[in-house]
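Notes for the one structure printed next.
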Amino acid sequence: MVDVGAKQSTHRVAVAQGRITMQPATLALVTAGTAKKGDVLGVARLAGIMAAKKTSDLIPLCHPIALTRVAVEFEVLEAQSTVVCRATAETVGPTGVEMEALTAVQVALLTIYDMCKAADRGMVISDVKLLEKHGGKSGSFVAEAG
């Protein structure tokens, strides 16, 4: 692990995003709340939050972080038969929260897949990326649009 003991504690924020595309009938199950396993987006939100809290258990050499906030939000794009997931992670500490935000997105999307796979095994998870990060010595990063 990298030694972060001498680094200054600052407020740090990271936002990540990804998407899952599925058949229109599968998306209808998600939005109607009628999937066999229950409330897909509610369970996926909790899974993403829990995953952010466990990131250091999953990613070797990733520091355990005392998160002050994790938010997982979904946007349904009916015309594209897609659910977009966006996760925000925050802390005050000596190291960033990019991995926590990215992990939250990945696990939330995997949870959607798991809860809907009986209806649609062809779902595709894609475009997982860091959108922005703020705080720390390196300052801010905002991904280019597109």
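The values are calculated or read from the model by the stated rules, or taken from the named source; none is laboratory data. Because the structure is predicted, anything quoted here is derived from the model rather than measured. Glycine gets a Cβ as well: all are built from the backbone with ideal geometry, and neighbour counts include every protein chain shown. Side chains are part of the model used for accessible areas, which takes the heavy atoms of the whole protein and leaves out ligands, DNA and RNA. Shrake-Rupley method; radii C 1.70, N 1.55, O 1.52, S 1.80 Å.
Matching residues to (1) free of Cβ contacts under 8 Å to residues at least 60 places away in the same chain; (2) more than 21 Å from the chain's Cα centre (by Cα):
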{"position": "Q17", "(1), (2)": "no, no"}
{"position": "M22", "(1), (2)": "no, no"}
{"position": "A32", "(1), (2)": "yes, yes"}
{"position": "G42", "(1), (2)": "yes, no"}
{"position": "R45", "(1), (2)": "no, no"}
{"position": "K53", "(1), (2)": "yes, no"}
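If you scan region 71-93, which residues turn out to be within 18 Å of K129 (Cβ to Cβ) and either open to solvent by 30 Å² or more (accessible area, probe 1.4 Å) or free of Cβ contacts under 8 Å to residues at least 60 places away in the same chain (or both)?
A71, V72, E73, F74, E75, L77, Q80, R86
Of the numbered conditions (1) closer than 26 Å to A35 by Cα; (2) assigned to a helix (DSSP H, G or I), D120 satisfies every one except a single condition; which is it?
Against the list (1) closer than 26 Å to A35 by Cα; (2) assigned to a helix (DSSP H, G or I), D120 comes up short only on (2).
Which residues, taken from region 102-134, are β-branched (V, I, T) and without any contact (Cβ under 8 Å) to a residue 60 or more places away in the chain?
Across region 102-134, the qualifying residue is only T103.
Identify the single condition in (1) outside any helix (DSSP H, G or I); (2) under 14 Å from M115 (Cα atoms); (3) among the polar types (S, T, N, Q) that T68 does not satisfy, given that it satisfies every other one.
(2)
Considering only region 47-64, state which residues are open to solvent by 60 Å² or more (accessible area, probe 1.4 Å) and either of a type outside the set (A, V, I, L, M) or touching a Phe, Trp or Tyr at 6+ places or on another chain (Cβ under 6 Å) (or both).
K53, K54, D57, P60, P64
Checking G136 against (1) surrounded by 14 or more Cβ atoms within 10 Å (Cβ to Cβ); (2) part of a loop (DSSP other than H, G, I, E, B); (3) modelled with pLDDT of 95 or more, which test does it fail?
(3)
From the set of residues in region 55-70 that are under 18 Å from the mean Cα position of the chain (by Cα) and without any contact (Cβ under 8 Å) to a residue 12 or more places away in the chain, which is farthest from R19 (Cα to Cα)?
Filtering first and then ranking leaves P64.
What are the residues in region 5-44 that are open to solvent by 20 Å² or more (accessible area, probe 1.4 Å), in a loop (DSSP other than H, G, I, E, B) and of a type outside the set (D, E), if any?
G5, A6, K7, Q8, S9, Q23, G33, T34, K36, K37, G38
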